[in-house]
Amino acid sequence: MRLGELSKRTGASPRSLRYYEEQGLLTSSRSDAGQRRYSDAAVQRVSLIRQLFDAGMSSRVIATVLPCVDVPGDVGVAEETFAAMMRERDRIDADIAHLIETRDALDVLIGANSRHRAELSTAREPAAQSI
């Protein structure tokens, strides 16, 4: 199938599909006219690539995970894939911890601002009543 058809069948933009190919995540053959041609299996591959991106993985990490799909019976590849996914999970856990700290710091500022706004509101009320 051509690039446009793969795009329609997967929901991935043509630009994304070209990017996947540049990163070595997806392969195609070329027609005599130089147009990309994809096998029917590319639909499932693109779906998997998108799931891996949605899971927060970079194209570099995805490239280390995909061999597990390409060579499913290789124990070494399966172990490397598992290690890569665990590293990604650890990275995401660290990101989450940092976001929680950032949110907590923002909550402190929001609390201070709320108190300041309340003080300003209280200070204006007597002036408004005397008019």
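The values are calculated or read from the model by the stated rules, or taken from the named source; none is laboratory data. Being a predicted model, the structure only gives us computed values, none of them experimental. Cβ: placed from backbone, ideal geometry, glycine included. Neighbour counts: every protein chain shown. Please note that ligands, DNA and RNA were not included when accessible areas were found on the heavy atoms of the full protein model with its side chains. Shrake-Rupley method; radii C 1.70, N 1.55, O 1.52, S 1.80 Å.
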Give the ranking of LEU25, LEU106, LEU48 by solvent-accessible surface, highest area first, calculated with a 1.4 Å probe.
LEU106, LEU48, LEU25
Select one label from (i) 23.0, 73; (ii) 46.7, 140; (iii) 25.8, 87: the one whose number is Rg and Dmax of the Cα atoms in Å as derived from the coordinates shown.
(iii)
Can you compute the modelled spin-label distance between MET1 and THR27, with each label point 7 Å from Cα toward Cβ, in nm?
2.0 nm
Indicate the gyration tensor shape class of segment 35-88 (rounded, prolate or oblate), computed on the Cα atoms with a ≥ b ≥ c the square roots of the eigenvalues: a/c under 1.5 is rounded; otherwise a/b larger than b/c is prolate and the rest oblate.
oblate
Percent relative contact order of the chain, based on C-alpha pairs within less than 8 angstrom and at least six residues apart?
16 percent
How much accessible surface does HIS116 have with a 1.4 Å probe, in Å² rounded to 10?
90 Å²
